[in-house]
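Here the structure comes first, spelled out in structure tokens, and everything after it is commentary.
Bear in mind that the values in this text are calculations on the coordinates, not laboratory data. Treat the numbers as computed from the prediction; the structure is a model and nothing was measured. Here the Cβ positions follow ideal geometry from the backbone for every residue, glycine too, while neighbour counts run over all protein chains shown.
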Amino acid sequence: MKTLTHTLRPFLLLSISAAIGFVAASGRAASNVLPVDAAPVVAADDADAAPVQTPFTRDQLIGSLTRSIAAHFNLEGELQIELQRAWVLPSRLAASWELTVVEFPTTVTGTMMVRCRLAADGAAVSDASLVLRAQLWRDVWVTRQPLVTGSAFDASALETRRVDTLRDREALPASVGDRTYIFARGVSAGRMLTWRDVARRPLVRKGDTVEVSAVDGPLSVTMKATALENGAQGETVTVRNPESRKIFAALVVDENRVQIRF
């Protein structure tokens, strides 16, 4: 009996160890489980937070004025403005700022005055008259070679240069120029083109016979007439019916073609 106990002893120890080990492991695993009241707290939504209060900056002032002036005058090119005299910005903070131009100048010039109103969080803060210096940068045409009077507009004879068109107001923008234009006078190489250097190419010439289309809704009648003056596309010219000798005005629509609408 004693021998049997010694024989079974290792197995009993193993069983006891295994049982202890299992209990110990189970105890360690249980220690990693968080109690319900220790669950992480979810932060409140950012939307519930108070709006951020910021000052009104000079960059906001210049940016808002630039956009307002460019939109009001439908300007093409890059408008740059700066204050001619310093303006004391408000010292208060606000969640939203709004600058409104209440009075624009008659036209855009290198120096101009605007009246504006500044509002903070919907409430008026100040009204001010600001004197601005402005530049409007655009690409314009410059001759690469001499131009001949009366020759058709040819962009290959030109190149572009970026200039302030509020200073060089007569400069011809590079957005202007196609087959409907001619060079109105000779221009030497290296010169900036002006509006006086080009003219609309006459599609109708004085004394020429033109085709007249009289349009009234879906109806159209065609006849011949004599042009009494030159005219470019989109211009109105006077023509004469050679049979009735009646003189009337018509719109130039194409080469030797005019139109009348009723």
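Structure notes:
- For region 151-166, putting each phi into the Karplus relation 6.51 cos²θ - 1.76 cosθ + 1.60 with θ = phi - 60° gives couplings of 6, 5, 4, 9, 5, 5, 8, 10, 9, 9, 9, 8, 9, 7, 7, 7 Hz, in residue order, rounded to whole numbers and with x for Gly and Pro.
- One chain, two ends: ARG162 and THR226. Fully extended at 0.36 nm per residue, the span grows by 18.6 nm beyond their Cα-Cα distance.
- Residues listed by number, region 153-188, amide nitrogen under 18 Å from GLU78 label point at 7 Å toward C-beta: 160-168, 173-175
- Count Lys and Arg as plus one, Asp and Glu as minus one, and take only other residues whose Cβ is under 13 Å from that of GLU211; the net charge is then -1.
- Region 159-203 residues near the modelled GLN259 label - backbone nitrogen below 18 Å, point 7 Å along Cα→Cβ: 180, 203
- Remark: PHE262, PHE153 ranked as PHE262, PHE153, counting other beta-carbon atoms within 10 Å and listing the fewest first.
- Charge tally for THR194 (other residues, Cβ to Cβ under 14 Å; Lys, Arg +1; Asp, Glu -1): +4.
- Region 169-183 and region 86-120 have Cα centres lying 35 Å from one another.
- What the Cβ-Cβ distance of ARG115 and ASP154 gives, at R0 = 45 Å and to the nearest 0.05, is a FRET efficiency of 0.45.
- Shape of region 209-261, Cα gyration tensor, a/c cut at 1.5: oblate
- Estimated FRET transfer efficiency (VAL131, ALA214; beta-carbon r; R0 51 Å; 0.05): 0.40
- Per-peptide average of other Cβ atoms within 10 Å, ordering 123-133, 212-222 highest first: 123-133, 212-222
- Distance between modelled label sites at ARG144 and GLN60, nm, 7 Å Cα→Cβ extension: 4.8 nm
- In region 61-155, the inverse of the mean reciprocal separation of distinct Cα atoms equals 15.9 Å; this is its Kirkwood hydrodynamic radius.
- For LEU251 and THR100, a Förster radius of 45 Å and the Cβ-Cβ distance give a FRET efficiency of 0.60, rounded to the nearest 0.05.
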